[in-house]
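> Okay, handing you the structure first.
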Amino acid sequence: SQFDRDVAEVTLAPAPATPLPEPVRPLPEPVVEESHVAVQSSMDRAFAADTPDKPVTASGERCIPRELVDVPSWGAEMSDGADLGAFRSSLLGEFDVANGEGVTGLVRHYIYITTEAEALALIRYYPDAVERPDILSVLAEIMDEGQSSQASALYDQMGCDSAVALWAVLAQPVIKKGDKINRPALLRSFSALPAHLRAHLGGWLAERFLEIEDTLTAKSIRAAMERAGSEPNDNSTLLAARMDLAEGTPLDAIEKLDEIVESGNALMPQALLTRVQASLERGEPLEADIMPLIDSIRFELSGSELGREATEAGILGAISLGMFDDAFARLDDAAGELEPERITQLRAGAYDAA
């Protein structure tokens, strides 16, 4: 398409004389002080000297300045168009030298419109021209996968009293019940996002809290998504089903999940495995025709978290159907894929059921 050709021109030209640089370095570890020697990270150098009014985390680290994650200010309402032309025109300065401010602005705008691949390409192409490429890389990864490979560097930032808390939580693959999270700041910041970003990120964010049984926060996130006025889609239906499960109404959840499974789209594996969980928690045997679907997910997503969930679902499903020889064969095949402790638990459950 013309859009793709325009992106290629921006992200791949002018052609470099040398190979593309290595990916952006990970966010640094916290400052380490030993005796009279102090190792200062680039994260620390980004902040001004300590002053009483500088926000800090519960562990005493300085919070990332909110302007570095002020995503709502990086674009206009999507109904007004992406406005890429204005950002692209400021990309290069005199003599076709990369304009740092222009490059940073374009990267931020790509993040705003959730075109994360283009954002990461620009960061890698102009690493010295982008302001805080480490933080922008985190935000781009979040837009793509709902988490970041650099999550550990932002762990303590979840307690900050600003939008930083929102992005720090989104960066984490999972959160735990005891984590220090500034929920009021997170909810304020999520509600302040433009509608398309609430729709894009809300399912991932609410799921974090459902996994730790914090249904109150998950409900608040869902309410903010609904206020965005977006049409219901499979993402919102899957979230609603998981909310039903958390609130103890599995039949409502199963009805919603079956709709997604029948659609056969990209969310089908997640919906099917959630559907299996809902049935098993009710003590119901799985329908026999679900087992081939579970096996296809395990095969297609082998090595991924969903693939591992499918492996476990297949074992539990076989047990629920009284197919014990099949269940034990699946347990043998699961060695190296599931944790040994989990295999031991599942094997004991199979023996008990048999």
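So that you can scan it fast, the table gives a plain yes or no per residue for (1) over 19 Å from PRO72 (Cβ atoms); (2) touching a Phe, Trp or Tyr at 6+ places or on another chain (Cβ under 6 Å):
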| position | (1), (2) |
| --- | --- |
| MET143 | no, no |
| LEU166 | no, yes |
| LEU170 | no, no |
| ASP179 | yes, no |
| ALA192 | no, no |
| GLY202 | no, no |
| GLU211 | yes, no |
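> Scanning segment 311-334 for residues that are of a type in the set (Gly, Ala, Ser) and in contact with a helix residue (DSSP H, G or I) (Cβ under 7 Å, 6 or more places away or on another chain), which turns out surrounded by the fewest Cβ atoms within 10 Å (Cβ to Cβ)?
Among them, the one singled out is SER320.
> Right, another one. Report, by residue number, each residue of segment 193-206 that is open to solvent by 30 Å² or more (accessible area, probe 1.4 Å), closer than 14 Å to ILE142 by Cα and in contact (Cβ under 8 Å) with a residue 40 or more places away in the chain.
Those that are open to solvent by 30 Å² or more (accessible area, probe 1.4 Å), closer than 14 Å to ILE142 by Cα and in contact (Cβ under 8 Å) with a residue 40 or more places away in the chain: HIS200, TRP204.
> Answer yes or no as to whether TYR126 is aromatic (Phe, Trp, Tyr) and under 19 Å from the mean Cα position of the chain (by Cα).
no
> Right, next: Would you check which residues across segment 114-141 are buried (at least 20 other Cβ atoms within 10 Å of the Cβ), among the β-branched types (Val, Ile, Thr) and assigned to a loop (DSSP other than H, G, I, E, B) and list them?
Within segment 114-141, just VAL130 meets the criteria.
> Part of a helix (DSSP H, G or I) and not hydroxyl-bearing (Ser, Thr, Tyr): which single residue out of LEU193, LEU186 fits that description?
Going through LEU193, LEU186 in turn, the sole match is LEU186.
> Go through (1) in a helix (DSSP H, G or I); (2) surrounded by fewer than 16 Cβ atoms within 10 Å (Cβ to Cβ) and name the single condition GLY178 misses.
Failing condition for GLY178: (1).
Listed here are the residues, each with its yes/no results for (1) more than 25 Å from ALA348 (Cβ to Cβ); (2) not acidic (Asp, Glu).
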| residue | (1), (2) |
| --- | --- |
| LEU273 | no, yes |
| GLU281 | no, no |
| GLU284 | no, no |
| ALA288 | no, yes |
| LEU301 | yes, yes |
| ARG330 | no, yes |
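> Okay, next question. In segment 56-79, which residue that is surrounded by 14 or more Cβ atoms within 10 Å (Cβ to Cβ) and not in a loop (DSSP other than H, G, I, E, B) is modelled with the lowest pLDDT?
Per the criteria, the residue is MET78.
> Could you check PRO269 against (1) in contact (Cβ under 8 Å) with a residue 40 or more places away in the chain; (2) open to solvent by less than 20 Å² (accessible area, probe 1.4 Å) and say which number it fails?
(2)
> Could you tell me which of the residues GLN345, GLN270, GLN277 is part of a helix (DSSP H, G or I) and either among the acidic types (Asp, Glu) or more than 27 Å from LEU251 (Cβ to Cβ) (or both)?
Answer to the selection: GLN345.
> So which of ALA163, ALA199, ALA185 is of a type outside the set (Ser, Thr, Tyr) and within 15 Å of the chain's Cα centre (by Cα)?
Exactly one residue qualifies, and that residue is ALA199.
> With open to solvent by 30 Å² or more (accessible area, probe 1.4 Å) and in contact with a helix residue (DSSP H, G or I) (Cβ under 6 Å, 6 or more places away or on another chain) as the only criterion, which of ASP156, ASP144 stands out?
On inspection, the qualifying residue turns out to be ASP144.
The values are calculated or read from the model by the stated rules, or taken from the named source; none is laboratory data. In this text, all values refer to a predicted model and were calculated from it rather than measured experimentally. FYI the Cβ positions are ideal-geometry reconstructions off the backbone, even for glycines, and counts take in every protein chain you see. Ligands, DNA and RNA are stripped out before the accessible areas are found, and what is left, the full protein with its side chains, is counted by its heavy atoms. Shrake-Rupley method; radii C 1.70, N 1.55, O 1.52, S 1.80 Å.
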